[in-house]
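Q: Following this message is one structure expressed as structure tokens.
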Amino acid sequence: MRILIMGPQGVGKGTQAKLLAKHYGIPHISTGDMFRYNISNKTPLGVEAASYTDKGELVPDELTNKIVKDRLAMDDAKDGWILDGYPRNASQVVALDRMLDELDTPLDKVVALDADRQTLMKRIARRAQEEGRTDDTPEAIDKRLKTYDEQTAPLLDTYKSRGQLVLVDGQGDIDEISRTIIGLLG
């Protein structure tokens with residue numbers, strides 16, 4: 001199964017992606033984790049990515065597209081994956097469609113989680129404290145949520161028109177949300 005998991009920052013995409021990956025026996029591929037790994041290890045990609053994320057900005061498409069394509073082509077992703085944090089804008093949808101065609105790996109479903117703004121802000125603030133994430137400042141969070149609303153949320157209509165969209169309330173019990181998603185995916 002090949003699944004995109006989408007939603008605003010703090011909605012629980014990573015948590016649900018990990019649970020789904022375990023359930024389906026496929027890798028959870030997080031662009032955020034890939035960037036954080038490179039940033040913490042000060043790789044050339046990480047240094048370049050940090051120059052954006054430290055200001056609450058998103059990493060440019062060409063950099064993100066390359067890292068995603070390389071990851072989706074790895075052996076452990078041949079039988080499926082859950083992609084978290086990508087695509088985030090219309091040009092990345094086009095790039096992902098091209099990647100999947102080249103890899104001959106069609107997308108099955110898009111799970112979209114949602115929660116109210118107050119819940120998102122609380123979750124992100126808690127995550128910043130627990131994980132020591134320097135990129136989760138109140139200003140950066142606000143900027144990323146606005147960017148999501150403007151650039152990523154409209155992508156859900158694309159996947160809805162393709163019959164791939166599964167909408168799920170991201171508020172409530174983690175295990176209950178996971179069971180709901182699995183039930184909707186069939």
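No lab work stands behind these numbers, since they all come straight from the coordinates. None of these values were measured; they are calculated from a predicted model. Using ideal geometry, Cβ is built from the backbone for each residue, glycine included, and neighbour counts are taken over all protein chains shown.
Q: Return the total of residues in segment 78-92 being more than 24 Å from residue 19 (Cβ to Cβ) and either of a type outside the set (Ser, Thr, Tyr) or buried (at least 18 other Cβ atoms within 10 Å of the Cβ) (or both).
A: Step one: list which residues in segment 78-92 are more than 24 Å from residue 19 (Cβ to Cβ), which gives 89-92.
Of the ones still in play, those that are also either of a type outside the set (Ser, Thr, Tyr) or buried (at least 18 other Cβ atoms within 10 Å of the Cβ) (or both) are 89-90, 92.
Residues in segment 78-92 being more than 24 Å from residue 19 (Cβ to Cβ) and either of a type outside the set (Ser, Thr, Tyr) or buried (at least 18 other Cβ atoms within 10 Å of the Cβ) (or both): 3 in total.
Q: Name every residue in segment 35-77 that is of a type in the set (Asp, Glu), farther than 25 Å from residue 90 by Cα and either free of Cβ contacts under 8 Å to residues at least 40 places away in the same chain or crowded, with 18+ Cβ neighbours inside 10 Å (or both), in order of residue number. Talk me through it step by step, then tell me what you get.
A: From segment 35-77, those of a type in the set (Asp, Glu) are 48, 54, 57, 61-62, 70, 75-76; that's our starting set.
Narrowing the set further to residues that are farther than 25 Å from residue 90 by Cα leaves 75-76.
Answer for segment 35-77, where residues must be of a type in the set (Asp, Glu), farther than 25 Å from residue 90 by Cα and either free of Cβ contacts under 8 Å to residues at least 40 places away in the same chain or crowded, with 18+ Cβ neighbours inside 10 Å (or both): just 75.
Q: Scan segment 122-145 for residues that are more than 18 Å from residue 14 (Cα to Cα) and crowded, with 17+ Cβ neighbours inside 10 Å and jot them down.
A: 140
Q: Considering each residue of segment 31-51, count those that are among the aliphatic types (A, V, I, L, M) and farther than 14 Å from residue 86 by Cβ, and give that number. Reasoning before the result, please.
A: Applying the first criterion (among the aliphatic types (A, V, I, L, M)) to segment 31-51 yields 34, 39, 45, 47, 49-50.
Filter once more, so that each one left must be farther than 14 Å from residue 86 by Cβ: 39, 45, 47, 50.
So the answer is 4.
Q: With a cut-off of at least 1 residues that are in contact with a Leu (Cβ under 8 Å, 6 or more places away or on another chain) and closer than 16 Å to residue 53 by Cα, name the helices (runs of 4 or more DSSP H) lying wholly within segment 101-171.
A: Values: elements: 117-131, 138-147, 155-161.
Counting at least 1 such residues, we get 138-147.
Q: Just one of 165, 120 is out of contact with any Phe, Trp or Tyr (no Cβ under 7 Å at 6 or more places or on another chain) and under 19 Å from residue 16 (Cα atoms); which is it? Let's see the steps before the verdict.
A: Working: 165 fails: out of contact with any Phe, Trp or Tyr (no Cβ under 7 Å at 6 or more places or on another chain).
Residue meeting the stated conditions: 120.
Q: Go through segment 96-121 and report how many residues are buried (at least 16 other Cβ atoms within 10 Å of the Cβ) and either of a type in the set (D, E, K, R) or under 19 Å from residue 166 (Cα atoms) (or both).
A: Selection size over segment 96-121: 9.
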